[in-house]
Amino acid sequence: MTDQSETTSGNFILEAVAEDLKLGRFSKVHTRFPPEPNGYLHIGHAKAIYVDFGTALAFGGKTNLRFDDTNPVKEDVEYVEAIKRDIHWLGYDWEDREFYASDYFEQLYQFALRLIQKGKAYVDDLSPDQIREYRGTLTEPGINSPYRDRTIEENLDLFQRMRSGDFPDGARVLRAKIDMSSGNMNLRDPVMYRILHASHHRTGDKWCIYPMYDFAHGQSDSIEGITHSLCDLAYEDHRPLYEWFLEELDIFRTRQMEFSRLNVTYTILSKRFLKQLVEKGFVRGWDDPRMPTLCGMRRRGFPPSAVRKFIEQIGVSKKENLVDISLLEFLVREELNRSAQRVMGVINPLKVVITNFPEGKVEEFEGLNHPEDPSRGTRKIPFAREIYIEQEDFMETPPPKYFRLAPGREVRLRYGYIIKCENYLKNPQTGQIQEIHCTYDADSAGAQPKDGRKVQGTIHWVAAPFALDAEIRVYDRLFTIPNPGKPEEGKTYLDYINPASMQVLSHCKLEPSLAGAAPETSYQFERKGYFCVDLDSTSDKPVFNQTITLRDTWAKINKA
């Protein structure tokens, strides 16, 4: 469970809830998170989860998890289970309050019958296209359906026959009878039920009519005694309809409040578009570490505490804005700096032979697991005649202020000796450096040279005989522009996919302490960044995802 202190920062929703309690409008706070089980949760849902659960936590209240499973064609139990995992990962718990809109299908049906009996709902034979045509426009009123004045008896009969399966899909709908000239389009006789002969993941084939979201949403809140229904701004215009249903049915009145949804740079937060990315093969799946899904962020190694802090820092308001993804990356980096164990891993290895170190000899150095936290202890790091360093840590002709290895130059190995480049070998075909020959100062382990010379550079390394062969997946932004949701004319968001968003490096070398590292465990590879053990990792071939670099290089590169 998340720390309550994280959720008590002030915002207009907390102020309104406090006022409701003060005035006696409600005696408690009971919220709900109502996801549709037709996809995976993303960072935008994290804001809704934070608001729903956080508001209740701030007042010692409760939060229900209620799946809005009213469209069996798009829903699947796979999504139900994934949603539950993601909420728990984020740090929240609904305890025993797991509900489904389908739990209330019979009660919702009875509510619909009540509205028919009051003359407030009718069965309509118009096609979907005709209903849209009759609804009118923002500047022109709608036109009454020719079936609007059916008798209560005829409507009851037809609606019951709809339930019995007497009609094919799309033949009839049940509509609320409100006002076809209303300035709010949602009040122009909205559809309450449609015929859909489809098997439901929970109710099977028991039902062939399903309530629309606008009918199921408010009544489900009322049935559960939800005091505060917290929604994004897209539902603000729907609120008068929800209140109309509650008033006509004379049932518990939930208070709905809306807040702005989360929009993040270099990201798409539409489940429909995210599904296209998966189905068209632009990513490896819903949990691809490049995806803004919570399972993708988890697989990449984002700490849930950093995600919560991100939502907390951007705040809760009614103003729509585009939040810079670099804020989330900064918070991820900050959290991992505190929590991740330090190790050494060579991403692009270059072999070094220490010619004056005895063949077959092995030494051990002691490395700190976390330099800022001595309680994390130390580990043994083996050292041998042959080691690997990063290719970028050697240059044949170095520029000024290059303090790494070069011909005739010295560098210190992290936790180890000072070594000096004596010569090097090149691949005769490519001209690429393939091996460096060095000597070592046997008296320099953990000490300054006795002759007083200064060595400025320190590099990381891995002993070749003990190195773990690993695959490392390096990630970049999935899109090349800040707002792919608003493409140029004639283009779609797919035109801005970054073809270099993932690079797979198959010949990386890691220190042996990482053998058997558990999936989803995060480490700092010293000087390189933060990495997380991937789910594909095996004992024979560890696989790591790059979570984030040590420094924000994106802004620097793109301002150049």
Given (1) charged (D, E, K, R); (2) over 26 Å from Arg85 (Cα atoms); (3) within 18 Å of the chain's Cα centre (by Cα), index of the condition Glu247 fails: (3)
Selection within the stretch 523-543 - outside any strand (DSSP E or B) and either farther than 20 Å from Thr458 by Cβ or touching a Phe, Trp or Tyr at 6+ places or on another chain (Cβ under 6 Å) (or both): Asp534, Leu535, Asp536, Ser537, Thr538, Ser539, Asp540, Lys541, Pro542
Some residue of the stretch 525-535 being more than 18 Å from Glu329 (Cα to Cα), surrounded by fewer than 18 Cβ atoms within 10 Å (Cβ to Cβ) and out of contact with any Cys (no Cβ under 9 Å at 6 or more places or on another chain): yes
So Lys275, is it among the charged types (D, E, K, R), closer than 14 Å to Tyr493 by Cβ and buried (at least 17 other Cβ atoms within 10 Å of the Cβ): no
Condition broken by Ser145, with the remaining ones in (1) free of Cβ contacts under 8 Å to residues at least 12 places away in the same chain; (2) among the polar types (S, T, N, Q); (3) under 19 Å from Met212 (Cβ atoms) satisfied: (1)
All positions within the stretch 50-77 that are crowded, with 24+ Cβ neighbours inside 10 Å and within 11 Å of Ile87 (Cα to Cα): Tyr50, Phe53
Cβ-Cβ under 7 Å pairs, at least 6 apart or on other chains, the stretch 97-116 side over 17 Å from Ile226 (Cα atoms) and at pLDDT below 95, far side crowded, with 21+ Cβ neighbours inside 10 Å and not β-branched (Val, Ile, Thr): none
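Just name the residue that is modelled with the highest pLDDT out of those in the stretch 54-81 that are among the β-branched types (Val, Ile, Thr) and assigned to a loop (DSSP other than H, G, I, E, B).
Taking the stretch 54-81 first, the residues among the β-branched types (Val, Ile, Thr) are 55, 63, 70, 73, 77, 80.
Those still in the list that are assigned to a loop (DSSP other than H, G, I, E, B) too: 70, 73.
Working: Thr70: 97, Val73: 94.
In this case the residue turns out to be Thr70.
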Residues (within 30 Å of the chain's Cα centre (by Cα) and surrounded by 18 or more Cβ atoms within 10 Å (Cβ to Cβ)) located in the stretch 343-382: Val343, Met344, Gly345, Val346, Ile347
Inter-residue pairs, beta-carbon under 6 Å, first assigned by TED's automatic domain parsing to the domain that holds Asp232 and in the stretch 52-81, second surrounded by fewer than 21 Cβ atoms within 10 Å (Cβ to Cβ) and small (Gly, Ala, Ser), 6+ apart: Pro72/Ala198; Val73/Ala198
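Any idea which of Leu322, Leu230, Leu246 is of a type outside the set (Phe, Trp, Tyr) and more than 24 Å from His30 (Cβ to Cβ)? Lay out the reasoning, then the answer.
Details: Leu230 fails: more than 24 Å from His30 (Cβ to Cβ); Leu246 fails: more than 24 Å from His30 (Cβ to Cβ).
Just one listed residue meets the conditions, Leu322.
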Given (1) surrounded by 14 or more Cβ atoms within 10 Å (Cβ to Cβ); (2) in contact (Cβ under 8 Å) with a residue 24 or more places away in the chain, index of the condition Gln456 fails: (1)
Meets criteria (more than 34 Å from the chain's Cα centre (by Cα) and surrounded by fewer than 16 Cβ atoms within 10 Å (Cβ to Cβ)) for Lys177: no
Qualifying strands (runs of 3 or more DSSP E) (wholly inside the stretch 82-191; at least 3 residues being over 30 Å from Lys309 (Cβ atoms)): 121-124, 173-176
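The values are calculated or read from the model by the stated rules, or taken from the named source; none is laboratory data. What you see is a predicted model, and the numbers here were worked out from it, not measured in a lab. Please note: Cβ atoms are built from the backbone with ideal geometry, for glycine as well, and neighbour counts cover all protein chains shown.
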